[in-house]
Amino acid sequence: MDFESANPTVVKSIKQRDLLNTWLRLYARDQKLPAMAEYQPARIEEELPDLVYYTVDTTQKPPRLIIDSDGTRMSSAYGHTGKGRPLDQYLGPRLAPIVMPVYYECIRRALPAYTIAHIDDIYGRIVAYERLLLPFSDGRGVTHIIASLKTISEDGGFEIKNLMRGNDTLPVPKLRTIIDRDLFHRLPGRIPSGDLLEFG
């Protein structure tokens, strides 16, 4: 599975961009993965329905991801809750080969991953499924991941219940990226110090 190189502007959702910018501020400080405890985005409570927290066990090959929590929208899209279960088992044999490589690449590169896939709901409306994965570390590689999962349809409304399992067609990948460029957070209105001219 190929992944494109991207910078943070690839992320479409404003809320996902905010989550990424908070991660970037922590990453840029020491040029290493932040710890989960440090990550405290503003208004995180509003995003919790779209967030899934994972613990990563990299001693296994491939790494094992355990669902620590799952957002209410993910539970609706997959038809049931997955807390406490390995992600690959939760996804099942049809979806795991499509989804798991994204998580494995995020872990391997220790960088954010961003993907978009198209899925048809039960009424045939196309839904864009936007996934942002943010890696964290307690000092020994990637130990945790937070996933932000957004569903958007140009048709307006759509049926999220059983979205990922409710029909025979599999999600169609449209974009797969690793965010590995411009890994710093630029405050709006600030001039980068390298662009200042000295006179005199």
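The values are calculated or read from the model by the stated rules, or taken from the named source; none is laboratory data. Just so we're clear, the structure is a prediction, and the values are computed from it rather than from any experiment. Ideal geometry is used to build each Cβ from the backbone, glycine not excepted, and the neighbour counts take in all protein chains shown.
Within segment 115-125, does at least one residue satisfy the condition of being part of a strand (DSSP E or B), in contact with a helix residue (DSSP H, G or I) (Cβ under 8 Å, 6 or more places away or on another chain) and not hydrophobic (A, V, I, L, M, F, W, C)?
yes
Of all residues in segment 23-40, how many are touching a residue at least 24 places away in the same chain (Cβ under 8 Å) and in a helix (DSSP H, G or I)?
Total meeting the criteria: 6.
Take the residues in segment 5-36 that are at pLDDT 95 or above and among the small types (Gly, Ala, Ser); name whichever of them is surrounded by the fewest Cβ atoms within 10 Å (Cβ to Cβ).
Ranking the qualifying residues of segment 5-36, first place goes to Ser5.
Being out of contact with any strand residue (DSSP E or B) (no Cβ under 9 Å at 6 or more places or on another chain), surrounded by 15 or more Cβ atoms within 10 Å (Cβ to Cβ) and either in a loop (DSSP other than H, G, I, E, B) or at pLDDT 60 or above (or both) is true for just one of Leu183, Leu134. Which residue is that?
Leu183
Against the definition (of a type in the set (Lys, Arg), surrounded by 14 or more Cβ atoms within 10 Å (Cβ to Cβ) and at pLDDT below 90), how does Arg125 come out, yes or no?
Against the criterion (of a type in the set (Lys, Arg), surrounded by 14 or more Cβ atoms within 10 Å (Cβ to Cβ) and at pLDDT below 90), Arg125 qualifies.
For the structure I just gave you, tell me whether Val56 is under 13 Å from the mean Cα position of the chain (by Cα) and at pLDDT 85 or above.
So Val56 does not fit the description; no.
If you go through segment 115-138, how many residues are in contact (Cβ under 8 Å) with a residue 60 or more places away in the chain and out of contact with any Lys or Arg (no Cβ under 7 Å at 6 or more places or on another chain)?
Matching residues across segment 115-138 total 6.
Does segment 89-108 include one or more residues that are over 17 Å from Ile146 (Cβ atoms), modelled with pLDDT under 95 and buried (at least 18 other Cβ atoms within 10 Å of the Cβ)?
Checking segment 89-108: at least one residue is over 17 Å from Ile146 (Cβ atoms), modelled with pLDDT under 95 and buried (at least 18 other Cβ atoms within 10 Å of the Cβ).
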